[in-house]
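Only one structure is covered here, and it is reproduced in the block below.
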Amino acid sequence: MGTQITIHNLVKVFGSGSKATAAVDNLTLTIEPGELFFLLGPSGCGKTTLLRMIAGFIDPTSGQVAFNGQDVTHNAPNKRNTGMVFQSYALWPHMTVAGNVAFGLNVRKVPNPEKDQRVLEALAAVQMEEYAHRKPNELSGGQQQRVALARALVIKPDVLLLDEPLSNLDAKLRNDLRHQIRNVCKASGITTVYVTHDQKEALSMADRVALLRSGKIMQVGTPRELYRSPKTRFVAEFLGETNLIEAQPINGTDGASTYQVQAGQFLGPRQENAETNTKQNLLSIRPEAIRLRRDGEPNTLPGKLLETTYLGETAQHLVEIKGCPPIKIAEMNPYGSTSAVHPEPGDAVRVEFLAGDIVPIADA
Ligand code: ADP
Ligand code: MG
């Protein structure tokens, strides 16, 4: 039950000589059976190339791809039993929805009562059974993409591959479909590899995410691990907003360390490596892990409010703290009953970095 995908030292070089570039650069990764696994990264980082090597549309330069331990590296796409969904819906315009979904079953010569049954089931899985007799041009973009998903699912693939399936849809539809696609994938139990450049899509849908840059994996983990414990500047910045602060750690004894910036000292995570005590240290602090405090409260730094953007449920403050870049703070329920202070731009403020949410990161 379920297919494990193992990728070992996989390389794809395009071009030759001085023009040769590794789109996928010696990449090793295991995707577990039934996982909804995301390949995330900026445009051109090699996501599509990697996905197409898993599908068999691109022949790797070197390395291996295996399904459940069986080497499939050089197997043709139709020998891998994968289903694929692309950014463009790629439905046949002259066929009905049901005809489009049945296509893969016709190719596989599935006999009739079973075929009709499976088409209905696949359409039901994406809540499109009412539209079985429409043509693609009578459907919205979101509906067309649900049909494309049904068409990929109906063949009962071992592996489902999706390449930016929501990129052509507007924001509201994207949001609705995120939940629906996740539910369909998890209900099917099919190992799914989902490519996107959209960090919100990855955070909200994935079991695990690999963040790629220049054909290499920068970090793999659950959405929470990547967001809360980024190892590098690139990961911290790619997954949402953050403040990067250079601070000097001062030895701590009680599980926390004290850090020094020009404006003063604050508590943060303990330094595991005593060597770093002599170095400047880069810390990532998310805007929501910083509070505006009253004068005299402990573990606060003095600053000056530069500007506030009021967004209703949140406010975004920008605060100047000596020795730091302008600090972004996100405040929930601003000016509400729980809001401690209501400074105006230009006012002196006190700022607390929540010690448990500060992450030391590598400058890479
Ligand atoms: P992504 O899907 O992350 O945007 P791609 O996998 O499409 O990235 O591309 C990765 C890199 O490989 C890019 O630099 C791209 O220009 C290059 N590339 C992709 N396909 C080809 C090709 N067929 N020939 C030459 N270069 C390619
Ligand atoms: Mg791509």
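The values are calculated or read from the model by the stated rules, or taken from the named source; none is laboratory data. Computed from a prediction, not measured in an experiment: that's the story for all the values here. Glycine gets a Cβ as well: all are built from the backbone with ideal geometry, and neighbour counts include every protein chain shown. Each accessible area value is taken on the protein alone, full model and side chains, heavy atoms only, with ligands, DNA and RNA left out. Shrake-Rupley method; radii C 1.70, N 1.55, O 1.52, S 1.80 Å.
Looking for something out of contact with any Lys or Arg (no Cβ under 8 Å at 6 or more places or on another chain), of a type in the set (D, E) and either more than 16 Å from ligand 2 (Cβ to nearest atom) or within 21 Å of V159 (Cα to Cα) (or both) - is there at least one such residue anywhere in segment 204-215? So far as segment 204-215 goes, yes, one or more of its residues are out of contact with any Lys or Arg (no Cβ under 8 Å at 6 or more places or on another chain), of a type in the set (D, E) and either more than 16 Å from ligand 2 (Cβ to nearest atom) or within 21 Å of V159 (Cα to Cα) (or both). Here A150 fulfils each of the conditions (1) within 17 Å of M205 (Cα to Cα); (2) touching a helix residue (DSSP H, G or I) at 6+ places or on another chain (Cβ under 7 Å); (3) part of a helix (DSSP H, G or I) apart from (1).
Entry remark, segment 209-225: residues being surrounded by fewer than 18 Cβ atoms within 10 Å (Cβ to Cβ) and touching a residue at least 12 places away in the same chain (Cβ under 8 Å) number 4 in total.
Inside segment 80-137, residues that are hydrophobic (A, V, I, L, M, F, W, C), touching a strand residue (DSSP E or B) at 6+ places or on another chain (Cβ under 6 Å) and outside any loop (DSSP other than H, G, I, E, B) make up a count of 2. Find the strands (runs of 3 or more DSSP E) located wholly in segment 1-48 whose residues include 1 or more that are free of Cβ contacts under 8 Å to residues at least 60 places away in the same chain and either outside the structural domain of G69 (by TED's automatic domain parsing) or under 19 Å from L161 (Cα atoms) (or both), and list them. Those strands (runs of 3 or more DSSP E) span 5-14, 21-31. Restricting attention to segment 52-73, the residues being part of a strand (DSSP E or B), out of contact with any Lys or Arg (no Cβ under 8 Å at 6 or more places or on another chain) and open to solvent by 10 Å² or more (accessible area, probe 1.4 Å) number 6. Take the conditions open to solvent by less than 20 Å² (accessible area, probe 1.4 Å), farther than 21 Å from L50 by Cβ and either within 16 Å of ligand 1 (Cβ to nearest atom) or modelled with pLDDT under 95 (or both) and apply them to V195. Does it pass? Here the answer is no, as V195 does not meet what is asked.
Scan segment 40-48 and tell me whether some residue there is charged (D, E, K, R) and under 19 Å from the mean Cα position of the chain (by Cα). The answer is yes, given that some residue of segment 40-48 is charged (D, E, K, R) and under 19 Å from the mean Cα position of the chain (by Cα).
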